[in-house]
1. Quick check: residue separation of residue 36 and residue 11 times 0.36 nm, minus the Cα distance between them. What number comes out in nm?
2. Between residue 50 and residue 21, what length in nm is gained on full extension when 0.36 nm per residue of separation is reduced by their alpha carbon distance?
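What follows draws every value from the coordinates through simple rules; no lab data is involved. In this text the structure is predicted, and so the values were computed from the model without any measurement.
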C-alpha cells in the first residue's frame, strides 16, 4: 500500500518517463514541495522496495539517482510506455541467453527477426 506522497511521486515519475526524462532528486523535491532531499530518498527507496521502480544500473550495480525506471502503476498494473508492454522474467531470461550464447538457438533468432515475443 502506498502513501499519498509516494503515489504522487510515482505519478510524477511516470509522467517524466513518458517524456523520456528522469528527474533529479532536486526536481523531485521541488515537485513534492519538500525542503530536503532526504524525504525524497526515503520515498524513492520505499517505491523500490515495493517493486514500483528500479534503480539497478548496468552490470547489476546500483545506478545513479537519475536512472530510475518505473515498473508499475500505483494500481499495481505493469507500466506501459510507448505502447510496449514490459517483458516477463522468462522473456528477459530468453533475451539474455540469446546475447550470451556463441551460437544462438535458431528459434531465438527467428524471435528477434519477426519481432514476436514468446
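1. Details: separation 25, 0.36 × 25 = 9.00 nm, distance 1.99 nm.
Separation in residues times 0.36 nm, less the Cα-Cα distance, equals 7.0 nm.
2. On the way: separation 29, 0.36 × 29 = 10.44 nm, distance 2.22 nm.
Between residue 50 and residue 21, full extension yields an extra 8.2 nm.
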